[in-house]
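One structure below.
The values are calculated or read from the model by the stated rules, or taken from the named source; none is laboratory data. Worth saying up front: this structure is predicted, and the values here are computed from it rather than measured. Here the Cβ positions follow ideal geometry from the backbone for every residue, glycine too, while neighbour counts run over all protein chains shown.
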Amino acid sequence: MTTFGIIGAGHIGQTLAQGLVDRGYDVVISNSRGPETLADLVADLGPRARAATATDAAEAADIAIVTVPLKAYQEVPVEPLAGKIVLDTNNYYWERDGRIADLDEKRTTTTGMLQEHLPTSRIAKAFNHIMSEDILTTGSPAGTPDRRALATAGDDADAVAVVEKLYDEFGFDTVNIGSIAESWRVERDQPAYVVAQTKPELEANLARATR
């Protein structure tokens, strides 16, 4: 069975951990304060989950999920994630992260920054533009009319395929934006950000995005 290493145990990290365990995956989850602070969480998640350091979670991962505040992205371990698929949920909140000139001046994207930090990892954007409380509550079976859709972007086809599979398992259609360079279309303050939308609506919102 696939093991997901989750680096970051905030709202998104905890919610994805629950959803993955519920779908039969193994989860190794970490935070910045140490695995002992996650004892209650992993007890609630059950035997498929355990807490670890970020390095241990990265080493254990068949697939990793990075879901830390953007200001902490450079603390994500590099070597244990070499060659691995990494899903990036990060968003830029300057009020929390401090001003980042390359983002303010539109020279890069949040996912592009993580890709630069993890140069040999295969990265795709995932679950960044949905509220954590909606992840386990607004999905529906494939073929459901007006099924909610989420977007992904990545330069590696296998990484994008992992996101598409996960989205479907969680109950969402997928719109593939394209390369990491285009992932700004689903970042904060764009029309597709944290809105419930069908696939055609998401495609339209991505097309309406301005930089």
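Just to check your reading of the model, which residue among A161, A204, A196, A153 is among the aliphatic types (A, V, I, L, M) and either at pLDDT below 95 or in a strand (DSSP E or B) (or both)?
Of the residues listed, the single one that is among the aliphatic types (A, V, I, L, M) and either at pLDDT below 95 or in a strand (DSSP E or B) (or both) is A153.
For segment 93-119, enumerate the residues that are buried (at least 21 other Cβ atoms within 10 Å of the Cβ) and either among the aromatic types (F, W, Y) or assigned to a loop (DSSP other than H, G, I, E, B) (or both).
Hits for segment 93-119 are T109, L118.
Using beta carbons and a limit of 8 Å, which pairs, at least six apart or on different chains, have the first residue in segment 20-36 and more than 9 Å from A51 (Cα to Cα) and in contact (Cβ under 8 Å) with a residue 24 or more places away in the chain and the second one surrounded by fewer than 20 Cβ atoms within 10 Å (Cβ to Cβ) and among the charged types (D, E, K, R)?
Listed pairs, sorted by first residue: V21/R48; R23/E169; G24/R48; Y25/R48; D26/R48; S32/E75.
Looking at segment 39-59, is at least one residue in contact with an Asp or Glu (Cβ under 6 Å, 6 or more places away or on another chain), farther than 23 Å from Y167 by Cα and modelled with pLDDT of 95 or more?
No.
Considering only segment 77-92, state which residues are β-branched (V, I, T) and either over 14 Å from the mean Cα position of the chain (by Cα) or surrounded by fewer than 20 Cβ atoms within 10 Å (Cβ to Cβ) (or both).
The one that is β-branched (V, I, T) and either over 14 Å from the mean Cα position of the chain (by Cα) or surrounded by fewer than 20 Cβ atoms within 10 Å (Cβ to Cβ) (or both): V78.
Taking the condition of being surrounded by fewer than 22 Cβ atoms within 10 Å (Cβ to Cβ) and closer than 14 Å to I180 by Cα, how many residues in segment 141-157 meet it?
3
From A49, A82, A64, A39, which residue is among the small types (G, A, S), closer than 24 Å to D158 by Cα and touching a strand residue (DSSP E or B) at 6+ places or on another chain (Cβ under 9 Å)?
Just one listed residue meets the conditions, A64.
Provide a single number: the residues in segment 19-51 that are surrounded by fewer than 21 Cβ atoms within 10 Å (Cβ to Cβ) and part of a loop (DSSP other than H, G, I, E, B).
Number of matching residues: 9.
If a residue has to be of a type in the set (G, A, S) and either over 18 Å from R188 (Cβ atoms) or at pLDDT below 95 (or both) to count, how many in segment 110-135 make the cut?
2
Can you say whether R122 is over 24 Å from A9 (Cα atoms) and surrounded by fewer than 23 Cβ atoms within 10 Å (Cβ to Cβ), as far as the supplied structure shows?
Criteria not met by R122.
State the number of residues belonging to segment 174-193 that are free of Cβ contacts under 8 Å to residues at least 60 places away in the same chain, touching a strand residue (DSSP E or B) at 6+ places or on another chain (Cβ under 8 Å) and either buried (at least 21 other Cβ atoms within 10 Å of the Cβ) or assigned to a loop (DSSP other than H, G, I, E, B) (or both).
The number of residues fulfilling the criteria is 4.
Has segment 130-145 got any residue that is of a type outside the set (V, I, T) and in a strand (DSSP E or B)?
The answer is no, given that none of the residues of segment 130-145 is of a type outside the set (V, I, T) and in a strand (DSSP E or B).
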